[in-house]
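Notes for the one structure printed next.
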Amino acid sequence: MTAGYDNIDVEEIKKRGIKFGNTPGVLNDGVADAAILLILAASRRYIEGRKAIEQSLWKFELNAQWLLAQDINGSTVGIVGLGGIGLAIAKRLKGFNVAKFVYTGHREKPEGKAFGAEFVSFDELLKISDFVIASVPLTKETDQMFNAEAFAKMKKTAIFVNISRGGVVNQPDLIAALKQNKIFAAGLDVMTPEPLPSDHELLKLPNCVVTPHIGCATEKTRNKMAELAANNILKALKGEPMLTPVVVT
Ligand SMILES: O=C(O)C(=O)CO
């Protein structure tokens, strides 16, 4: 019952002749909704605002610059990995009047073109995007692709959102970028390690919103994932091809 299977030893599964299916697709909407939560909370400085109220520091009448946020409307959104989840996020953001969508990955995609998103290099995406959204699977290629070098290329006002896997980020580099205000904020549903220790540095950053890997944790989504997993098992037991196979034996 998972879309990403970076935690599964696929080679060993193949060696042992085990049939293995995952549950992609059915979680796209749930995860995209969670991405919107992070995008809004990080760009509107939710953590700082909440803390300010708790600490009686609500002071907007004193300073018109206080808690100024970054706009989604008119922005450029960069999606790293325009799969089903990336596209579902882009579709939602269209309703926020984003000015331009760009994406990067292995190759230009017809669905990207149909959506009106421009295919660019990773470097170009980092340079021009106001929102950088990671929705790539964790592979050898994407491992820690968001590192100090990448954060240095991003705008100082950029918001980084990770809805894929903690491993695509070099976390100490992200923490440094957030502390030094090299980027504006981050929203993370995934991190390293999971579960995150309660005293972790990420939780102390005013410009970082963290959710506990709840991307697909909605009633509808989990039911759809369970149904797909069960149907895969039934198919496999009958000796038929799984609906969403990863390892076919
Ligand atoms: O199924 C997965 O891969 C997830 O991470 C859901 O959030």
| 25 Å Cα-Cα reach of K235 towards lysines, excluding residues that sit fewer than 8 places from it in its own chain | K14, K15, K19, K220, K224
| note | Toy charge model, Lys and Arg Cβ at +1, Asp and Glu Cβ at -1: the chain dipole around Cα centroid in debye, rounded to 20, equals 340
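Any idea what the relative contact order of segment 147-198 is, in percent, if you count C-alpha pairs under 8 Å spaced at least 6 apart?
Numbers: 67 pairs, mean separation 24.6, N = 52.
Worked out over segment 147-198, it gives 47 percent.
Kirkwood hydrodynamic radius, segment 1-144, all distinct C-alpha pairs: what's the number in Å? All intermediate terms of the calculation are to be shown ahead of the outcome.
On the way: mean 1/r = 0.0571 Å⁻¹.
One decimal place: 17.5 Å for the Kirkwood radius.
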| task | Would you give the gap between the C-alpha center of segment 30-48 and the C-alpha center of segment 54-121, rounded to a whole Å? | result | 11
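Based on the alpha carbons, how large is the Rg to Rh ratio for segment 110-183 when Rh follows Kirkwood?
Values: Rg = 12.5 Å, Rh = 12.8 Å.
Looking at segment 110-183, the ratio lands at 0.98.
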| field | For M191, solvent-accessible area (1.4 Å; no DNA, RNA or ligand), Å² | value | 10
| Expressed as a whole percent, how much of the Cα-Cα distance distribution for segment 96-135 exceeds 16 Å? | 31
| remark: Sorted by chain and then number, the residues having a modelled amide H within less than 5 Å of the amide H of V246, at least 5 places away or on another chain, are F20, G21, N22
| field | Accessible area in the full protein assembly, largest first, 1.4 Å probe, for L87, L93 | value | L87, L93
| task | Could you tell me whether segment 60-202 comes out rounded, prolate or oblate from its Cα gyration tensor? Rule is a ≥ b ≥ c as square roots of the eigenvalues, rounded for a/c under 1.5, then prolate if a/b exceeds b/c, otherwise oblate. | result | oblate
| Any idea which of G187, M154, V26 is furthest toward the positive side of the dipole for the chain, if Lys and Arg beta-carbons carry +1 and Asp and Glu beta-carbons -1? | V26
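Can you compute the FRET efficiency between I8 and L203 using 1/(1 + (r/R0)^6), with r the Cβ-Cβ distance and R0 = 25 Å? Round to the nearest 0.05.
Numbers: r = 29 Å, r/R0 = 1.14.
Taking R0 as 25 Å, the efficiency between I8 and L203 is 0.30.
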| Counting only the heavy atoms of the protein chains, how much of D29 is accessible to a 1.4 Å probe, in Å² to the nearest 10? | 80
| field | Computed over segment 124-225, the ratio Rg/Rh where both radii use C-alpha atoms and Rh is Kirkwood | value | 0.98
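Which entries in the list K51/K182; K51/K140; K113/K204; K51/K153; K140/K179; K59/K91 go over 32 Å, if you measure between the two C-alpha atoms of each?
On the way: K51/K182 22 Å; K51/K140 38 Å; K113/K204 40 Å; K51/K153 30 Å; K140/K179 28 Å; K59/K91 36 Å.
Long pairs (Cα-Cα over 32 Å): K51/K140; K113/K204; K59/K91.
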| message | Against the 2.2 N^0.38 Å scaling, with N counting residues, where does the chain land? I'd like the Cα-based Rg ratio to two decimal places. | response | 1.08
| field | Rg ratio (alpha-carbon, reference 2.2 N^0.38 Å) - segment 62-112 | value | 1.46
| remark: Rounded to 0.05, the calculated FRET efficiency for the beta carbons of V246 and K140 at R₀ = 22 Å is 0.85
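Residue separation times 0.36 nm, minus the C-alpha to C-alpha distance between K94 and N73: what's the value? Kindly include the intermediate steps, with their values, before the conclusion.
Numbers: separation 21, 0.36 × 21 = 7.56 nm, distance 0.91 nm.
Working it through step by step, the gained length comes to 6.7 nm.
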| query | Any idea how far apart W58 and E194 come out in nm if each label point goes 7 Å out from Cα toward Cβ? | reply | 3.5
| query | Residue-wise, which Karplus ³J(HN,Hα) couplings in Hz belong to segment 11-22, taking 6.51 cos²θ - 1.76 cosθ + 1.60, θ = phi - 60°, and x for glycine or proline? | reply | 4, 5, 4, 4, 4, 8, x, 8, 7, 9, x, 10
| field | Average accessible area per residue (Å²) across the chain - probe 1.4 Å, nucleic acids and ligands excluded | value | 53
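The values are calculated or read from the model by the stated rules, or taken from the named source; none is laboratory data. Predicted model, so just to flag it, every value in this text is computed and none were measured. Cβ sites come from the backbone with ideal geometry, for glycine too, and all protein chains shown count toward neighbours. Ligands, DNA and RNA are excluded from the accessible area calculation, which covers all protein heavy atoms including side chains. Shrake-Rupley method; radii C 1.70, N 1.55, O 1.52, S 1.80 Å.
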